[in-house]
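The values are calculated or read from the model by the stated rules, or taken from the named source; none is laboratory data. Just so you know, these numbers come straight off a predicted model, no measurement behind them. Glycine gets a Cβ as well: all are built from the backbone with ideal geometry, and neighbour counts include every protein chain shown.
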Amino acid sequence: MIFAYDTEVALVSAAALINTAEATPDSLSTLAELDVFVQEQQFSGSRTHDEAELRAVRRMRGQLRAIWTAGEDEAAELVNQLLAQAKALPQLVKHDQWDWHLHATTPAAPLALRMGTEAAMGLVDVIRSKELERLRICAADDCEAVLIDLSKNRSRRYCDTGNCGNRANVAAYRRRKAGSAA
Ligand SMILES: [Zn+2]
Ligand SMILES: [Zn+2]
């Protein structure tokens, strides 16, 4: 494991949130889609189930993407803004099937703020351990999805939103074949 377990969960979840904007069509367009996302990512806490909540989450998605592609100083600044915006107060908590981990917002804080804060807390670890290089954009030519490389040898290049890795392997195979035939 590169980071603490809850940090890795938070980072994977942040990448999944950002990548909902890369799906065609956008996979976070309706409240029903938001419900599915919240359930899949196991976000606990309060919900308002309205358009304002959806809009706020979609805005947060953009804020997180900006951090993903920022340089170190800018990323630190943006993470601090998120934490300040949520008046983050880190607390160790234990709930459901989860052992001790950090929450920095209360369950009553709005969903978008809880999502942003959880991501920000994960990004704190990434930045202070000088691992920002692990936040990447998919290497496939036609894909702008983000990924978090949690591999030991920093070898991950493709997102997991579709089959970018497979497509790249097939293309490389075709190029090799074409080369050997020539
Ligand atoms: Zn929790
Ligand atoms: Zn991709």
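The set of residues from region 65-88 being acidic (Asp, Glu) and free of Cβ contacts under 8 Å to residues at least 24 places away in the same chain comprises 73, 74, 77.
I'm checking my understanding of the structure. Among residues of region 157-182 that are within 30 Å of residue 21 (Cβ to Cβ) and either among the aliphatic types (A, V, I, L, M) or touching a strand residue (DSSP E or B) at 6+ places or on another chain (Cβ under 6 Å) (or both), which one is surrounded by the most Cβ atoms within 10 Å (Cβ to Cβ)? Among residues in region 157-182 that are within 30 Å of residue 21 (Cβ to Cβ) and either among the aliphatic types (A, V, I, L, M) or touching a strand residue (DSSP E or B) at 6+ places or on another chain (Cβ under 6 Å) (or both), the one surrounded by the most Cβ atoms within 10 Å (Cβ to Cβ) is 159. If the condition is being touching a helix residue (DSSP H, G or I) at 6+ places or on another chain (Cβ under 8 Å) and within 16 Å of ligand 1 (Cβ to nearest atom), then region 62-98 contributes 86, 88, 90, 98.
Just a yes or no: is a residue in region 126-138 within 16 Å of ligand 2 (Cβ to nearest atom), more than 19 Å from residue 7 (Cβ to Cβ) and at pLDDT 95 or above? For region 126-138, residues within 16 Å of ligand 2 (Cβ to nearest atom), more than 19 Å from residue 7 (Cβ to Cβ) and at pLDDT 95 or above: present. Taken as a whole, the condition of being in a helix (DSSP H, G or I), touching an Asp or Glu at 6+ places or on another chain (Cβ under 9 Å) and surrounded by 20 or more Cβ atoms within 10 Å (Cβ to Cβ) does not apply to residue 119.
Just to check your reading of the model, which residue among 4, 16 is modelled with pLDDT under 95 and either of a type in the set (D, E, K, R) or under 24 Å from residue 152 (Cα atoms) (or both)?
On the way: 16 fails: modelled with pLDDT under 95.
The conditions single out 4.
For region 164-176, state whether one or more residues are at negative phi and in a loop (DSSP other than H, G, I, E, B). No, there is no match, as no residue in region 164-176 is at negative phi and in a loop (DSSP other than H, G, I, E, B). Scanning region 17-32 for residues that are touching a residue at least 12 places away in the same chain (Cβ under 8 Å) and either of a type in the set (D, E, K, R) or out of contact with any Asp or Glu (no Cβ under 8 Å at 6 or more places or on another chain) (or both) returns 17, 18, 19, 21, 22, 23, 28, 30. The single condition among (1) free of Cβ contacts under 8 Å to residues at least 40 places away in the same chain; (2) within 16 Å of ligand 1 (Cβ to nearest atom) that residue 55 does not satisfy is (2).
Looking across region 126-140, just one residue is surrounded by fewer than 16 Cβ atoms within 10 Å (Cβ to Cβ), charged (D, E, K, R) and assigned to a loop (DSSP other than H, G, I, E, B), and that is 130.
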